Amino acid sequence: MTVSVNFSGVKRKTLKKYDVIVVGAGHAGCEAAFAAARLGASTLLLTINMDHIAQMSCNPAVGGVGKGQVVREIDALGGAQGMVTDAAAIQFRMLNRGKGPAVQSPRSQCDKVIYQRGMKWLLENTPNLDILQGEAVAFLLDSAGHPSGIETLLGDRIEARALVLTTGTFLAGRLHYGLRHFAGGRAGDPAATLLAQALREQLGLRLGRLKTGTPPRILAKTIDFSAMRIQPAETAEREFSFFDPALRPPLPAAARRNMPCYCVYSTEETAAVVRENLDQAPLYQGKIEGIGARYCPSFEDKVVRFSHHPRHLLYLEPEGAQTGEYYINGISTSLPPEVQRRMIATIPGMEQAVISRYAYAIEYDFIFPDQLCRTLAQKAHPNLFSAGQINGTSGYEEAAGQGLVAGLNAARFAAGLEPVELARDCSYIGVMIDDLVTKDIVEPYRLFTSRAEYRLHLRQDNADLRLCDWAHDHGLLPEPQYREFCEYRELLEQALEHCRTVRSKGKTLFELLKGHAELLDTFSPETAPLPFENALFPPLPDTATGRRVWHELLIEAHYDGYLQREAASIGRLHQLEDWRIPADFDYQSISALRNEARSKLEKVRPTTLAQAARIDGVTPAEIALLQVHLTRRRGRTAEQE
């Protein structure tokens with residue numbers, strides 16, 4: 001049943017009163033505002049610079065291993081990132097194509113200007129959504145000390161029932177170019193220093209410090225691409241969005257869709273330049289406080305930590321169809337500009353290259369995510385939500401996934417409804433959020449497929465089958481897209497039923513399809529070398545939907561036994577998820593709990609036994625002990641009723 005959110009009783013005397021205010025218009029903020037407005041909440045998106053909405057500050061690409069799955073999930077949940085990416089794409093590739101379907105991940109190189117313009121246009125034309133250029137510097141507080149709005153640098157005082165913070169790298173941001181450093185949210189934008197102070201002093205939140213970085217950009221006319229290996233675009237009938245383009249808004253589109261990338265290796269001379277100038281690296285001179293990500297080290301960190309490797313693979317990726325700038329993926333650095341020029345000149349094909357934008361490192365404040373619920377609300381302030389790098393994550397995709405959940409729950413809070421959670425077994429977004437609020441975050445969190453227990457179930461190809469019903473029930477997915485999904489699902493279910501019942505050679509067609517992974521490369525059942533008579537296969541329409549049904553059927557057959565085992569494991573998980581732990585549960589009353597377990601349980605405040613079981617330091621025996629005490633509490637509650 002679809003949830004109808006009613007805001008008719010909300011008083012709106014002036015424009016300065018909203019149901020939801022979203023602070024920050026990066027990838028998290030855009031999805032948060034889009035989701036809240038779609039639910040009918042009057043929403044304000046506040047951004048320091050209107051022209052930098054959805055700015056691709058780092059890599060001009062969306063997707064990748066783990067990340068591509070998240071974008072497909074965002075699309076299935078009615079979000080914006082997938083359809084805007086498809087409009088702005090200048091190259092599409094399916095990563096890990098030579099491996100199994102469970103680890104294949106879509107990735108699109110984007111025209112970053114078109115992506116930014118497309119998202120801005122979409123939000124400007126979204127009902128219930130206003131956008132304001134301004135900087136939030138303080139919170140309005142109600143009598144209980146909870147935020148009831150924000151105050152801007154220009155003195156605007158704007159009230160709201162719920163707030164979503166999506167500040168990215170702006171909170172007390174500091175840019176590092178060698179030993180020179182100065183405040184900034186990213187190159188060209190100011191830092192949000194006063195807001196960071198307000199989070200500490202007004203709201204009493206614990207903040208930490210993280211860092212990330214970006215590589216230099218190079219002018220294409222100064223690059224000799226003949227010295228590099230070309231990486232062409234792939235053709236694909238369907239890119240990120242599951243839905244018919246005719247159902248999407250008329251977004252601005254990229255001028256070209258087949259621009260190549262290039263691969264090249266750094267040299268021993270490149271590493272020598274770095275080693276000679278480590279005294280100018282802020283990371284090695286103690287100038288950077290923030291912790292960076294191990295999986296995405298700066299180039300100088302690669303040279304020091306992996307000194308046995310004489311060279312490192314780099315990718316040259318176009319920044320757009322109408323710009324001459326290239327992004328060098330793999331050589332992020334905070335060394336000073338003069339050293340960057342020397343480094344680039346040692347790379348084949350870039351001996352005469354001109355840097356258009358220097359690389360830099362940026363450190364920024366974040367909120368320790370153990371202060372969050374799985375709804376992305378702050379435990380201390382139930383009407384305050386946060387998403388993206390402010391929660392200790394990295395990546396456009398991770399930010400957007402959190403933003404959608406935060407915006408959804410902010411709108412539900414404003415409407416007086418209970419918040420909702422995405423479970424680990426149904427989405428990578430759920431895996432990420434559960435990790436954030438349950439684990440200790442000591443570096444920027446990045447989503448990998450290895451973080452999920454149910455990777456065969458959480459594939460990029462079936463995100464709509466996992467999430468579209470949930471999205472429609474919660475008001476996120478519009479009716480036309482939901483009808484299209486239902487038609488696809490019905491066709492797939494009919495094909496599955498046919499193949500599970502019709503027999504040939506003593507086995508069902510489904511059983512005969514197992515072990516024939518090579519069929520995944522075929523276009524349709526009519527042209528495939530089937531292990532039975534082709535006429536026995538159910539007829540499918542010669543459309544994108546029909547071909548997708550064929551492909552999904554093969555994947556289900558390929559992983560059938562493994563999927564059944566995962567389903568049994570998911571069933572056991574659901575049993576623990578059904579054991580809800582009240583917010584006021586007294587862990588001190590359980591004397592048999594070890595001090596370490598009690599301390600961590602009180603810190604995380606898990607909402608279910610399943611979440612409690614994932615806390616480092618809490619043993620299965622202690623989960624059983626919790627179950628006993630919850631059973632007793634249920635009994636006492638029943639007696640009182």
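The values are calculated or read from the model by the stated rules, or taken from the named source; none is laboratory data. Keep in mind that what you see is a predicted model, and the values were worked out from it rather than measured. Neighbour counts run over all protein chains shown; Cβ positions are idealised from the backbone, glycine included. SASA here: full protein model, heavy atoms, side chains in, ligands and nucleic acids out. Shrake-Rupley method; radii C 1.70, N 1.55, O 1.52, S 1.80 Å.
What is the diffusion coefficient of segment 367-416 in µm²/s, taking the Kirkwood radius over Cα pairs and the Stokes-Einstein relation at 20 °C with a viscosity of 1.002 mPa s?
The estimated diffusion coefficient comes to 199 µm²/s.
If the reach is capped at under 20 angstrom between alpha carbons, list the aspartates and glutamates near LYS17, excluding any in the same chain fewer than eight residues apart.
Within reach: GLU124, ASP130, GLU135, ASP142, GLU151, ASP156, GLU159.
Tell me, what is a quarter of the convex hull surface for the C-alpha atoms of segment 231-364, in nm² with one decimal?
Details: hull surface 43.7 nm².
The orientation-averaged projected area of the Cα hull of segment 231-364 comes to 10.9 nm².
For segment 163-231, treating each Cα as an identical point scatterer without solvent, what Debye log10 I(q)/I(0) comes out at q = 0.12, 0.20, 0.24 1/Å?
For segment 163-231 at q = 0.12, 0.20, 0.24 Å⁻¹, log10 I(q)/I(0) is -0.50, -0.89, -1.11.
Assuming R0 = 35 Å, what is the FRET efficiency of ILE230 and LEU465, from their Cβ-Cβ distance, to the nearest 0.05? Write out the running numbers ahead of the final one.
On the way: r = 36 Å, r/R0 = 1.03.
Working from the Cβ atoms, E equals 0.45.
Taking all pairs of different Cα atoms in segment 446-530, averaging 1/r and flipping that mean, what Kirkwood radius in angstroms comes out?
Averaging 1/r across every pair of different Cα atoms and inverting gives 15.7 Å.
At q = 0.13, 0.29, 0.31 Å⁻¹, what is the base-10 log of I(q)/I(0) for segment 246-291 according to the Debye formula with one equal point scatterer per Cα and no solvent? Please give it to two decimals.
Those come out to -0.66, -1.05, -1.07, one per q.
Suppose a student asked you for the relative contact order of segment 257-400, using Cα pairs under 8 Å spaced at least 6 residues apart; what percent would you report?
Result for segment 257-400 is 23 percent.
Using the C-alpha atoms of segment 109-175, what convex hull volume per residue, in cubic angstrom, is computed? Intermediate values should be presented prior to the final figure.
Values: hull volume 9.6 nm³, N = 67.
Normalising the Cα hull of segment 109-175 by residue number yields 143 Å³.
Under the rule of at least 5 residues apart or a separate chain, name every residue whose amide H is placed under 5 Å from the amide H of THR508.
Long-range HN contacts for THR508: none found.
Treat segment 305-392 as a sphere of radius equal to its Kirkwood radius over Cα pairs and apply Stokes-Einstein at 10 °C in a medium of 1.306 mPa s; give the translational diffusion coefficient in µm²/s, rounded to a whole number.
Rounded, D is 95 µm²/s.
Under a cut-off of 23 Å between alpha-carbon atoms, report the lysines in cross-link reach of LYS16, not counting same-chain residues fewer than 8 places apart.
List returned: LYS120.
For labels at GLN564 and ARG200 in the simple 7 Å Cα→Cβ model, what's the distance in nm?
It is 5.8 nm.
In the chain, carbon and sulfur make up what percent of the accessible area (probe 1.4 Å)?
With neighbouring chains kept in place, the figure for the chain is 51 percent.
What does the convex hull of the alpha-carbon atoms of segment 218-306 project to on average, in nm²?
Hull-based average projected area comes out at 10.4 nm².
Long-range amide H contacts for VAL164: which residues qualify at under 5 Å (H placed 1.01 Å from N, peptide plane, sequence gap of 5 or more or a different chain)?
ILE21, VAL22, VAL23, PHE385
Work out Dmax and Rg for segment 78-233 from the C-alpha atoms and quote the Rg first, both in angstrom.
So, for segment 78-233, Rg and Dmax equal 20.9, 67 Å respectively.
So if each residue of separation counts as 0.36 nm, and I subtract the Cα-Cα distance between GLN352 and ALA255, what length gain in nm does that give?
Gain on extension, GLN352 to ALA255, equals 32.1 nm.
By what distance, in whole Å, do the Cα atoms of segment 274-428 stretch along each of the three principal axes, largest value first?
61, 40, 28
Please list the radius of gyration and Dmax for segment 379-484, considering alpha-carbon atoms only, with Å as the unit.
Calculated on Cα positions, Rg and Dmax stand at 14.3, 43 Å.
On the full set of protein chains, 1.4 Å probe, figure out the accessible area of TRP579 and give it in Å² to the nearest 10.
Near enough 50 Å² of accessible area.
What 222 nm value per residue comes from the helices of the chain, counting each DSSP H run with n ≥ 4 as -39,500 (n - 2.57) and dividing by all residues, nearest 500 deg cm²/dmol?
My calculation for the chain gives -10500 deg cm²/dmol from helical runs alone.
Compute the Cα gyration tensor for segment 573-629, then decide on rounded, prolate or oblate, letting a ≥ b ≥ c be the square roots of its eigenvalues: rounded whenever a/c is under 1.5, prolate when a/b is larger than b/c in the other cases, and oblate in all that remain.
Rounded is the answer for segment 573-629, as its axis ratio a/c remains below 1.5.
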